[in-house]
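Report on the following structure.
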Ligand SMILES: NC(=O)C1=CN([C@@H]2O[C@H](COP(=O)(O)OP(=O)(O)OC[C@H]3O[C@@H](n4cnc5c(N)ncnc54)[C@H](OP(=O)(O)O)[C@@H]3O)[C@@H](O)[C@H]2O)C=CC1
Ligand SMILES: Nc1nc(=O)c2c([nH]1)NC[C@@H]1CN(c3ccc(C(=O)N[C@@H](CCC(=O)O)C(=O)O)cc3)C=[N+]21
Ligand SMILES: [Mg+2]
């Protein structure tokens with residue numbers, strides 16, 4: 001079987017073209033320019049890739065981007081004060097705190113301090129609850145939303161398919177499970193304590209991997225015809241001392257077995273950014289009475 005690559009980059013570029021037009025319209029008709037504030041504390045490699053690309057894309061669609069690069073030593077109180085200011089600032093429509101945060105900071109307390117109507121990452125209790133209940137008016141986390149869009153484009157129907165998700169974070173695995181359940185998939189979630197994840201993976205019609213373990217999923221984990229969504233963003237150093245990004249799936253090993261796969265880079269990453277811009281545009285529109 002020839003494995004087809006899922007082109008997230010061109011999917012995202014179609015999305016951002018439409019968003020750019022809608023931003024222009026919002027400016028002309030309502031004099032509103034969507035603004036996104038991003039808080040990055042310390043230096044996590046995957047976050048640095050994200051921040052770099054999203055700043056570029058934010059400007060490209062005509063939105064404003066407010067970067068807060070804070071040192072590793074920043075205190076919980078300083079971050080909470082910053083969020084309190086951003087919550088009140090009328091130029092800011094979306095607030096995103098990059099995860100993971102350095103040890104010593106309480107990520108949950110910090111995330112829950114974001115006002116739900118600016119929570120474009122969809123991580124507050126309010127938006128998490130909205131998603132769990134199937135309400136359509138909350139913010140859905142950008143990465144699972146992007147993965148769902150790619151799956152809907154690539155597969156004619158998701159109903160009755162067995163989706164196996166490896167990784168159970170609040171940012172990715174859990175909301176992904178909610179979304180696929182609502183689409184009629186049978187969902188299995190594997191995590192660090194799961195025994196024989198390879199056995200579950202072999203039963204998957206759709207396999208979604210978001211663990212942060214580079215090349216965790218081997219060729220032997222994959223049955224003929226599986227569609228693979230590789231969410232992992234791992235920066236490694238090659239023999240000739242260059243850095244490159246690789247996913248959570250041993251890409252070369254699954255070629256010829258999987259029906260389709262998202263490459264890293266060029267798969268889920270760009271779509272995550274497009275979904276973030278989509279949510280930020282929505283947050284700006286929601287301020288219109
Ligand atoms: N492409 C994109 O747009 C995005 C990429 N990412 C990337 O995806 C990856 C995951 O991100 P995120 O969900 O935030 O990470 P987290 O570290 O928050 O969560 C990882 C999850 O995977 C589980 N896990 C870790 N190792 C294993 C293993 N060996 N076997 C099975 N399960 C395992 C963890 O279990 P436990 O909790 O029990 O330890 C946890 O549930 C990272 O590489 C990140 O950079 C993230 C978001 C967006
Ligand atoms: N609160 C929070 N929300 C997140 O969604 C979140 C986060 N924290 N922390 C870090 C991870 C990682 N993440 C990425 C998104 C896009 C690319 C991306 O643009 N990737 C390009 C990289 C292209 C390149 O520069 O080579 C690609 O895969 O093609 C990468 C990583 C979002 N995350
Ligand atoms: Mg994380």
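Does at least one position in segment 161-174 carry a residue that is surrounded by fewer than 18 Cβ atoms within 10 Å (Cβ to Cβ), without any contact (Cβ under 8 Å) to a residue 24 or more places away in the chain and within 13 Å of ligand 3 (Cβ to nearest atom)? No: zero hits. Annotation: of all residues in segment 107-133 being in a loop (DSSP other than H, G, I, E, B) and closer than 23 Å to residue 231 by Cβ, the one that is nearest to the chain's Cα centre (by Cα) is 121. Look at residue 101 and say whether it is more than 29 Å from residue 261 (Cβ to Cβ), within 13 Å of ligand 3 (Cβ to nearest atom) and crowded, with 18+ Cβ neighbours inside 10 Å. Yes. The helices (runs of 4 or more DSSP H) found entirely in segment 1-90 that carry 2 or more residues being touching a residue at least 60 places away in the same chain (Cβ under 8 Å) are 8-30, 45-60. With the requirement that a residue be within 16 Å of ligand 3 (Cβ to nearest atom) and without any contact (Cβ under 8 Å) to a residue 40 or more places away in the chain, what does segment 190-229 give you? Listed by number, the residues that qualify are 191, 192, 213, 214.
It is to be established whether one or more residues within segment 182-194 are surrounded by 14 or more Cβ atoms within 10 Å (Cβ to Cβ) and within 20 Å of residue 45 (Cβ to Cβ). Checked segment 182-194: no residue is surrounded by 14 or more Cβ atoms within 10 Å (Cβ to Cβ) and within 20 Å of residue 45 (Cβ to Cβ).
When residue 108 is tested against (1) under 18 Å from residue 273 (Cα atoms); (2) free of Cβ contacts under 8 Å to residues at least 24 places away in the same chain, just one condition goes unmet, and that condition is (1).
Confirm whether residue 289 is over 22 Å from residue 175 (Cα atoms) and outside the structural domain of residue 149 (by TED's automatic domain parsing).
Criteria met by residue 289.
Summed over segment 132-151, residues that are closer than 20 Å to residue 284 by Cα and either surrounded by fewer than 14 Cβ atoms within 10 Å (Cβ to Cβ) or free of Cβ contacts under 8 Å to residues at least 60 places away in the same chain (or both) total 5.
Filter segment 35-65 down to the residues that are surrounded by 14 or more Cβ atoms within 10 Å (Cβ to Cβ) and out of contact with any helix residue (DSSP H, G or I) (no Cβ under 8 Å at 6 or more places or on another chain), then identify the one that is farthest from residue 22 (Cα to Cα).
Applying the first criterion (surrounded by 14 or more Cβ atoms within 10 Å (Cβ to Cβ)) to segment 35-65 yields 35-42, 44, 46-51, 53-55, 57-58, 60-65.
Add one more test, that the residue is out of contact with any helix residue (DSSP H, G or I) (no Cβ under 8 Å at 6 or more places or on another chain), and what stays is 42, 44, 46-48, 51, 55.
Details: 42: 34, 44: 32, 46: 29, 47: 27, 48: 28, 51: 23, 55: 18 Å.
In this case the residue turns out to be 42.
Restrict the check to segment 175-182 and report whether at least one residue is within 15 Å of ligand 3 (Cβ to nearest atom) and modelled with pLDDT of 95 or more. Within segment 175-182, one or more residues are within 15 Å of ligand 3 (Cβ to nearest atom) and modelled with pLDDT of 95 or more.
Answer with yes or no whether residue 32 is within 11 Å of ligand 2 (Cβ to nearest atom) and touching a helix residue (DSSP H, G or I) at 6+ places or on another chain (Cβ under 7 Å). When the stated conditions are applied, residue 32 does not pass them.
The values are calculated or read from the model by the stated rules, or taken from the named source; none is laboratory data. Since we're looking at a predicted model, the values are computed, not measured. Here Cβ is always computed from backbone atoms with ideal geometry, including for glycine, and neighbour counts include all displayed protein chains.
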